[in-house]
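Before any comments, here is the structure.
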Amino acid sequence: MSDMAVALPEIEGRSLWQDAWRRLRANRAAVASLVILAVIAIASIVGPELLTWKYDQIDWDHVEAAPPNFAAGHYLGTDSIGRDLLARVLFGGRVSLMVGVLATAVALLIGVTVGTVAGYIGGRTDQLLMRLVDLLYSVPLTFFVIILMVTFGRNFILMFLAIGAVEWLTMARIVRGQTLTLRTREFIEAARAAGGSTPAIILRHIVPNVLGMVIVYVTLTIPQVILLESFLSFLGLGIQEPMTSWGMLINDGAAELEVTPRTLIVPAIFMTVTLFCFNFLGDGLRDALDPKDR
Amino acid sequence: MWPTLARRLLIGIPTLLVIITVCFFLMRLTPGGPFDFDAPVPPEILANLRARYHLDDPLWKQYLDYLFGLLRGDFGPSFKYRDFTVGQLIAEGLPVSLENGFAALIFAVLVGVPLGIIAALGQNTARDYAVSAASMTGIVIPNFVMGHVLILVFGVWLKDTFVALPAGGWAEGALANRVLPVFCLALPYIAYLARITRGSMIEVLRAGYVRTARAKGLPFRTVVLRHALKSALIPVVTFLGPATAFLLTGSMVVETIFQIPGIGRYFVQGALNRDYTLVMGVTIVSAALVIVMNLVVDLLYTLLDPKVRHEAGA
């Protein structure tokens, strides 16, 4: 009997996620996006290691080679100084995706902490934190990311920290909203009656319950971050040579626009497809996890 | 309305002050400086340069000088454009950026809002999907890609046809030179506005008063345009506040691509050249603009939506 009492809620908890998974699988656009994203991610991680040419290696015999040049191993041709385009796009993808994921992780950490604390503790704390969020909303933060990049030199770590530090606002608002509806629920009251401390209740009970919304929002934040990173790199204020990212490749390609449009078009397609897929996946996840529809 | 205005102004001024302070100290903490020359420079010349720009004063004095300078509208000299003050550069660039920005905004509202309405009226029809797909495309394709694609098509491929447009340059604001940049700036707004309008219109059309209006026998067109549109536009107005910020960041890209002498391009150039005073000046002016626009939008909002008025009064 006591075994059952313990086992039952666990099954319920799992079926909730299974339910969402089933809904997601029924959404063809979301599944296709997931598959394409997986392919792009794996290709970006593994691809640069498998190709004949390295992303920063110059092939003096094939400068501006037209694609496809199978004999020399330049499947998408080379750029104006003889670097393999495919290798560069895949390596750039690795950098762009990495910035996207890491910066979103930073935003997630700050946003969920601020959101749950403000929502759960309420009162003055809530007022103060949410005023801060409002205030930051009314400031052109992109300028600050640029000032930070100028001030402290353009390095990779600073870049995702800075982007993460400006992208957490919406996350905090959403999480706070969810937390507000959760804090009056019986199971939270029960946890409090059982003597749970505030940090413990937030970590064990609030956070798992806002996870659904958070996952949706993470999928929608990653493309925004990738966009911001490529924006910075495009302006020459982001990633530095010899490293590269999609934004930088697009910038390089733009300079060769009249001669070799593909050096612009290829990275642009990779980036756009990735952004599309994240958006479709995010929409699909929202439909799958939306508590209103359940 | 007036108490709200006063309260918002009271929040806006310290915000601006914090922005100025953060900017100032961040820029002064930089390891590199505007006088890092490639060739070695005699120390006397460096000392003279530093004295000329008051960089040898104590930091607190520089800060206070800067603050009081701002009050007089003096943003200091530009470190790279030697013969200009930052104030002159901004005075030159800001009108250009604002003209393009407002043209883009008006164009976006004129296209985006009707698109959203069309999509909402045919919810889940082919029309709706077409608009949604198009607006997703507009949101996803960044303007630095779109700008180059537009240049490639109208400036390169169609160079010898009658629709050819200049690939860049400003030519003192000739109309042909404005078309591509304004279009490029407007595209993401069109997409967002269509999306927002569609969403809010669908919600409003389900409201009781819309049903009442239709039950009275009013033609559908009148109900949509006279009754539903007003409340459906509330989220659109809310979007216009943050839109100013997007507009300013968008202008950085568009002005860089199309070689337009606006403040966005000055900002990027300043950041690349470590031209502190220029970067700070543009940031401060932009922040002030965004704060004022948010204020204006908040006021419009209270005028449009009685619910907000009551909450503010309570």
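Here are a few things to note about the model shown:
- A Förster radius of 25 Å combined with the Cβ-Cβ distance from residue A:255 to residue B:179 puts the calculated FRET efficiency at roughly 0.65.
- Here the Karplus relation 6.51 cos²θ - 1.76 cosθ + 1.60, evaluated at θ = phi - 60°, turns the backbone of the range B:43-58 into coupling constants of x, 5, 5, 4, 4, 4, 4, 5, 5, 4, 9, 6, 7, 8, 6, x Hz, with x for every Gly and Pro.
- Entry for the range B:226-287 at q = 0.12, 0.23, 0.28 Å⁻¹: log10 I(q)/I(0) = -0.41, -0.89, -1.11, Debye formula applied to identical alpha-carbon scatterers, no solvent contribution.
- Chain B, relative contact order in percent, only Cα pairs under 8 angstrom and at least six apart counted: 25
- Approximate shape of the protein assembly as shown as ellipsoid semi-axes (Cα gyration tensor, √5λ), whole Å, largest first: 40, 33, 29
- Take each residue of peptide B:134-147, count the partner chain Cβ atoms within 10 Å of its Cβ, and average: the result is 5.
- Distance between modelled label sites at residue B:47 and residue A:19, nm, 7 Å Cα→Cβ extension: 7.8
- Ordering of B:188-197, A:264-273, B:18-27, B:67-76 by burial proxy (mean other Cβ atoms within 10 Å per residue, highest first): B:188-197, A:264-273, B:18-27, B:67-76
- Projected-area mean, the range A:209-293, by convex hull of Cα positions, square nanometres: 6.6
- Here the sum of -39500 (n - 2.57) over DSSP H runs of 4 or more residues, divided by the residues of the protein assembly as shown, equals -24500 deg cm²/dmol at 222 nm, to the nearest 500.
- Close Lys-Lys pairs in chain B, where close means Cα under 30 Å and separation is 8 or more or interchain: 4
- For chain B: span of alpha carbons on each principal axis (Å, largest first): 85, 62, 29
- When restricted to Cα atoms, the range B:60-128 yields an Rg and a Dmax of 22.3, 65 Å, respectively.
- Stretched out straight at 0.36 nm per residue, the stretch from residue B:300 to residue B:134 would grow longer than its current Cα-Cα span by 56.8 nm.
- Averaged over B:275-288, number of beta-carbon atoms from partner chains that fall within 10 Å: 2
- Exercise: per-residue mean of other protein chain Cβ atoms within 10 Å, A:229-238: 4
- Taking all protein chains together and rolling a 1.4 Å probe, residue A:49 ends up with roughly 120 Å² accessible.
- Axis angle, to the nearest 10 degrees, between helix B:86-121 and the longest C-alpha principal axis of chain B: 20 degrees.
The values are calculated or read from the model by the stated rules, or taken from the named source; none is laboratory data. Model, not experiment: these values are computed from the prediction. Don't worry about glycine lacking a Cβ; one is built from the backbone with ideal geometry, like all the others, and counts go over all protein chains shown. Side chains included, ligands, DNA and RNA excluded: accessible areas come from the protein's heavy atoms. Shrake-Rupley method; radii C 1.70, N 1.55, O 1.52, S 1.80 Å.
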